[in-house]
Amino acid sequence: MGEAEKFRTCRKRDSVVIDPVKCEHGTPKGAHHGVDMPTSVHELEAEVLSLGPADRAHLLERLLESFEPDAKIQDAWLAEALRREAEVSSGNVVLVPADEAIARIRARIA
């Protein structure tokens, strides 16, 4: 078995299985991958680097997606930023320089 074949996609969650005993949702080893998996980050890195370009690109995409904020949270922050911009543009809110804002806060908590 080649090194790249040690990584299997879990059929239930479409995820790469790295746990040597169970996958992320508890399926026992051998149920859908059947091989001992690397346990250290260094072993995992070596295995991933031995994959072909398409497989590495797929894993990279999945890893990057794991760092992206939840779409609902991202949408809420965008709405908040737009609301604040509208308040400033309409003149309902006046911007304060950072040093002045910090001085005001320090005065309040002193």
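The values are calculated or read from the model by the stated rules, or taken from the named source; none is laboratory data. Note that the structure is a prediction, hence the values are computed from the model and not measured. Reconstructed Cβ throughout: ideal geometry from the backbone, glycine too, with neighbour counts over all protein chains shown.
Filter the stretch 51-107 for residues that are touching a residue at least 24 places away in the same chain (Cβ under 8 Å) and assigned to a helix (DSSP H, G or I); which is surrounded by the fewest Cβ atoms within 10 Å (Cβ to Cβ)? Break it down into steps so the answer makes sense when it comes.
Looking only at the stretch 51-107, we keep the residues that are touching a residue at least 24 places away in the same chain (Cβ under 8 Å), and these are 51-52, 55, 59, 62.
Right, trim to assigned to a helix (DSSP H, G or I) and you get 55, 59, 62.
Working: Asp55: 14, Leu59: 14, Arg62: 12.
Top of the filtered list is Arg62.
Residues satisfying the criterion are present in the stretch 37-60 (criterion: of a type in the set (Val, Ile, Thr), in contact with a Leu (Cβ under 7 Å, 6 or more places away or on another chain) and modelled with pLDDT of 90 or more).
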